[in-house]
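Right, one structure below, let's go through it.
The values are calculated or read from the model by the stated rules, or taken from the named source; none is laboratory data. Because the structure is predicted, anything quoted here is derived from the model rather than measured. Here the Cβ positions follow ideal geometry from the backbone for every residue, glycine too, while neighbour counts run over all protein chains shown. To get the accessible areas, we keep the full protein, side chains included, count just its heavy atoms, and leave off ligands, DNA and RNA. Shrake-Rupley method; radii C 1.70, N 1.55, O 1.52, S 1.80 Å.
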Amino acid sequence: MHIDNLFESIQHQLKQNTNEITLTLDNAWTQGRTIYGGISAALIYKAIRESVSSDSQMRSFNTAFIGPIEANKAISIKVEILREGKNVTQVMGHITQNGKIAVMSQASFGVNRQSKILVHNKLPHELNGPIKSNFLPAIPKVTPKFIGQFELAKSDGGWPFTGSKKSHTYGWMRYKVPPKAFTEAHLVGLIDVWPPTVLQQLRWPAAASTVNWNLEFIHPQQEVSPLDWFVYKAKTRHAQDGYANTEAEVWDSNGDLVALSRQTVAVFA
């Protein structure tokens, strides 16, 4: 099922004044024994975004991946507005399956205000544009199925499980089947697509799982085409004792920084 169909179902259910959104994701979105974390976070974000005034913009989106989500089984999404202040709105959302919380997100939205502080990002990504997709082929039990939803073009860094000495990943990304219109929720679903930066240092397949993911959007953002590529530059800040701390920057096709991403990853090797 395409991501647009999932988002449309969320919109439809919210219009029916449904307090609990129900969805089912198929095998095309699987990542090992669970559903791809980017799509689960994007679904929560979509439900939250629809529940908050359009005057407020997302400033921070923090997601904890608590337990696995099975494909082809119903999930429920609930949203709770914790506080709606004059400037900032705090919202909580979570996914449950089989009565247990699997993913939980907390989002902060803020309205634009006049300010004497103005600091523009001046850091360019310095990557040459992608010519075509360039990613690992579909290897059974190694390449996650959800990768088939995206196009990736790696510019620098190693492939997972190849014993690379590098611990960073630079590349381009977009949806294989373009959405009807590209939204913030699509961006959430896209940013998490790359494998953890440290997997390339292993010489054999091993499991890894994101424990926590913090995402911040940079505003204002220009309108982008559903066909546009986004730049992703991620590096490992520290890795030890089975955990890695990584951070990434995301640029749009105009060369503007649009998001900052940080993750805590558990590596079982």
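Overview of values
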| read-out | value |
| --- | --- |
| Number of positions in segment 167-183 that are buried (at least 23 other Cβ atoms within 10 Å of the Cβ) and over 19 Å from VAL142 (Cβ atoms) | 2 |
| Selected residue (only one of LYS132, LYS154 is crowded, with 18+ Cβ neighbours inside 10 Å and under 29 Å from GLY255 (Cα atoms)) | LYS154 |
| Some residue of segment 4-18 being of a type in the set (D, E, K, R) and more than 25 Å from THR143 (Cα to Cα) | yes |
| Strands (runs of 3 or more DSSP E) completely within segment 37-105 that count 2 or more residues being open to solvent by less than 60 Å² (accessible area, probe 1.4 Å) and more than 19 Å from LEU25 (Cα to Cα) | 56-65, 88-97 |
| Residue check for LYS132: at pLDDT below 95, of a type outside the set (Ser, Thr, Tyr) and out of contact with any Leu (no Cβ under 9 Å at 6 or more places or on another chain) | yes |
| Matching residues in segment 89-122 - criterion: being under 23 Å from HIS219 (Cα atoms) and without any contact (Cβ under 8 Å) to a residue 24 or more places away in the chain | GLN90, MET92, GLN114, SER115, LYS116, ILE117, LEU118, VAL119, HIS120, LYS122 |
| Hits in segment 252-264 - residues which are within 14 Å of the chain's Cα centre (by Cα) and either buried (at least 19 other Cβ atoms within 10 Å of the Cβ) or without any contact (Cβ under 8 Å) to a residue 12 or more places away in the chain (or both) | VAL258, ALA259, SER261, GLN263 |
| Qualifying residue in segment 197-210 (condition: closer than 19 Å to GLY129 by Cβ, touching a residue at least 12 places away in the same chain (Cβ under 8 Å) and open to solvent by less than 50 Å² (accessible area, probe 1.4 Å)) | no |
| Subset tally (residues that are among the polar types (S, T, N, Q) and either crowded, with 20+ Cβ neighbours inside 10 Å or more than 16 Å from the chain's Cα centre (by Cα) (or both)) for segment 211-236 | 4 |
| Test: residue in segment 184-194 that is open to solvent by less than 40 Å² (accessible area, probe 1.4 Å), part of a strand (DSSP E or B) and aliphatic (A, V, I, L, M) | no |
| Candidates LEU227, LEU215 - the one that is in a loop (DSSP other than H, G, I, E, B), touching a residue at least 12 places away in the same chain (Cβ under 8 Å) and among the hydrophobic types (A, V, I, L, M, F, W, C) | LEU227 |
| Residue list for segment 68-89, restricted to those being more than 23 Å from GLN13 (Cβ to Cβ) and under 18 Å from the mean Cα position of the chain (by Cα) | PRO68 |
| Complete set of residues in segment 137-164 that are touching a residue at least 12 places away in the same chain (Cβ under 8 Å), in a loop (DSSP other than H, G, I, E, B) and under 19 Å from ASN27 (Cα atoms) | LYS141, VAL142, PRO144 |
| Yes/no for HIS12 being within 17 Å of LEU187 (Cβ to Cβ) and of a type outside the set (Gly, Ala, Ser) | no |
